[in-house]
1. Once the piece of chain linking TYR172 and SER120 is laid out straight, how much longer is it, given 0.36 nm per residue of separation minus the C-alpha distance between them?
2. Per residue of the chain, what 222 nm ellipticity follows from adding -39500 (n - 2.57) for every DSSP H run with n ≥ 4, rounded to the nearest 500?
3. Which lysines have a Cα lying under 26 Å from the Cα of LYS119, excluding residues fewer than 8 positions away in the same chain?
4. How many Å² of accessible area per residue for the range 1-123, probe 1.4 Å?
5. Compute, for the chain, the length of the dipole vector about the Cα centre, with Cβ point charges of +1 (Lys, Arg) and -1 (Asp, Glu) only. Units Debye, rounded to 20.
6. At 7 Å along Cα-to-Cβ for each site, give me the label-to-label distance between PHE162 and LEU39 in nm.
7. Give me the net charge for the shell around MET152: Cβ to Cβ below 13 angstrom, other residues only, Lys and Arg +1, Asp and Glu -1.
8. Select from the chain the helices, each a whole stretch of DSSP H, whose alpha-carbon atoms run 27 Å or more along the helix axis and whose Kyte-Doolittle mean is at least 1.0; answer none if there are none.
Amino acid sequence: MLGKNTYLTGYFPLFAIILYSASFGFLTEEYLVSQLQRLGIYQGMTELFSISTVQVSLWFIMCLFFFMLFAALKLISDTLIELSLFFFSKESEGHTLNQVRSGSSIFLVGGLCSILFIKSGILLLVSFTLACFIYFCFFIYKASEKLSIAGMFGVVFMNLLFWVFFTSGVVYAFLKVYGALMSGILSGT
């Protein structure tokens, strides 16, 4: 039933993004509170607002941040999948894309599992990474009917190379900004 009704499973990515955002938001909120306490800022914040207001506000801001991050990653992923099918698939009607859409339930289950791992950053990352890997295998399995062997290798390498370069670029940019920030702080003292 779930796999047959495209409209029902169409909401699964939104629910998965909300669940992952809530989980990562909670973990990050706890980390921010501990860092604010260490820096002595948290006490000043709790003099102006109640502890629960500060914590809920931080959680909401972090949920919003992660929601935007995961929504952007989903947009990039969907575009990459459709582009790889455009280049390497033997069919042009979109049947493969409709078959792959039911795989969003993998992320929904991963999002539900992420709620269980809300206290562990490592387990949250493992849950998300495992859901991505299982979805990619599901995608390759469903798309393999309409792909030649060369097309399958093309899809796999196109996706892997993009995500490796994308992740490397983000890490490189983060390290450059961090290095510039630290050199600015150290030279100012």
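The values are calculated or read from the model by the stated rules, or taken from the named source; none is laboratory data. All of these numbers come straight from a predicted model, not from anything done at the bench. Every residue, glycine as well, gets a Cβ built from its backbone with ideal geometry; the counts of neighbours run over all protein chains shown. We work out accessible area using only protein heavy atoms, side chains counted, and drop any ligands, DNA or RNA first. Shrake-Rupley method; radii C 1.70, N 1.55, O 1.52, S 1.80 Å.
1. Between TYR172 and SER120, full extension yields an extra 16.2 nm.
2. -29500 deg cm²/dmol
3. Within the straight-line cut-off, LYS119 pairs with LYS74.
4. Per-residue value: 63 Å².
5. Using Cβ point charges on Lys, Arg, Asp and Glu, the chain gives about 200 debye.
6. Simple spin-label model gives 3.6 nm for this pair.
7. Surrounding charge for MET152 is +2.
8. Membrane-span-like by this rule: 51-88, 121-143, 149-188.
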